[in-house]
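Q: Just passing along the structure, written as structure tokens.
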Amino acid sequence: MKLLEKTLSLIGYEKRAVNGDGYWSDFAALRGATITPATAEALSAVTACVSAISESVASLPLMVYRRNDDGREKASDHPLYRVLHDSPNEIQTALEFREQLTASMLLHGNAYAKIVRGNDGQVRQLLPIHASRVRTIDLQNGRIGYEITDTAGKLERMTQEQIFHLKHRSDDGLTGISPIQRCKQVLELASAEMNHGTEVFSNGAKLLGILKAPGRLNTEQREAVSRTWKAYKSGGTAILTEGMDFSTVSMSLEDAEWIAARQFSTEEICRLFRCPPTVIGDLRHGNYSNSVEMSRQFVTMTLKRHLTCWEQAISKQLLTEAGRRTLYAEHSVESMLRGDSTTRAAFYHSAIDDGWMTVDEVRQLENLPKLPA
């Protein structure tokens, strides 16, 4: 044992073997990768979960309503209605804007947009800002400040009235923490599994082994054998001569249940985002009946938190004190909760018979015109 190894051993550090198994030692080497939003999205399950949530939130109608004596009505004459429902700025549609901010909140934990107000104090535009360019500051007066660095490196300070801020679950109330930040090791393992598979399949879908020769080979013979062996790494059949033999020295993918490990990582990523596996295309445990129910669960258990986050942030940050007394924003989720045609027909029939819906209201929900008077 070398002097350095003896010294480290005396103070409690040891270099342990991995049972001679290169398969698991490869995983140990790969686990050092740093997980960032960009590297996390290299995992298909992360991209699928983020896409499913952000696209669903963005595609749902977002209306601004005004309370009245009859209940409520669409406040289509209010400037904020057009910003949220039609276009928040000159270059984005409402869907593009809300999809971008929801995805930012899921990946970075926070989403930011600059608020542009008119002379009357009403919101006229929302300009998205990348989360990596924003620093949140806890001011001594109990308020929140923001430092924004533009693409030229110029620093600009803004108050909380100037920034629209969506947060994932927060530990300090100032900034949110994304699921990938809270559970980095889950994604590190999934990334290591993916990288390991890439390395394996790039070498012919076989793990490393040893070629045994009955005698000593000179340099020229070893190079010739190496060139010949590499020619067959893409799936061909190697021919061994001169009494040579091949034996594996590491665990096969089948023995290591690599595919099962990849599938389990997909399930774990779904847990992080509270997303049913069937929603992102993992149908191993899905069938027609439970897939329909999981789609409803996706709305009630997954999307509800994000929809409420949008609605409450709009009320708190984009409406004035006077506006909040009569106005509020709400998503319309009825289209995602609708069942099949047989279930809807039975539901509508009961609603009409019991008198709490009219035929014209049912036709409106089905995107049909009213019956002629």
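Q: Residue farthest toward the positive end of the dipole of region 297-373, with Cβ of Lys/Arg at +1 and Asp/Glu at -1: which of HIS306, SER332, LEU318?
A: With unit charges placed on the Cβ atoms, the residue in question is LEU318.
Q: Another question about this same structure. With every protein chain present, what accessible area does MET158 have (1.4 Å probe, heavy atoms only), rounded to the nearest 10 Å²?
A: 10
Q: So, one more: Using 7 Å Cα-to-Cβ label points, what is the THR219/LEU365 separation (nm, one decimal)?
A: Reported label-point gap for THR219 and LEU365 is 8.3 nm.
Q: Would you mind giving the three semi-axes, in whole Å and largest first, of the ellipsoid equivalent to region 27-136 according to its Cα gyration tensor? Spell out each step's value before the answer.
A: Numbers: eigenvalues 246, 56, 22 Å².
For region 27-136, the ellipsoid semi-axes come out as 35, 17, 10 Å.
Q: Nearest 20 debye, what's the magnitude of the dipole of region 60-134 about its Cα centre given +1 on Lys and Arg Cβ and -1 on Asp and Glu Cβ?
A: Details: 10 positive and 9 negative charges, 52 e Å.
With Lys and Arg at +1 and Asp and Glu at -1, about 260 debye.
Q: Can I ask one more? Say the dipole of region 71-133 comes from +1 at the beta carbon of Lys and Arg and -1 at that of Asp and Glu; which of GLY118, ALA131, GLN100 then lies farthest toward its positive end?
A: ALA131
The values are calculated or read from the model by the stated rules, or taken from the named source; none is laboratory data. Please read these numbers as outputs of a predicted model, since none were measured by experiment. Every residue, glycine among them, receives a Cβ derived from its backbone with ideal geometry; neighbour counts consider all protein chains shown. Keep in mind that these areas ignore ligands, DNA and RNA; they rest on the heavy atoms of the full protein, side chains included. Shrake-Rupley method; radii C 1.70, N 1.55, O 1.52, S 1.80 Å.
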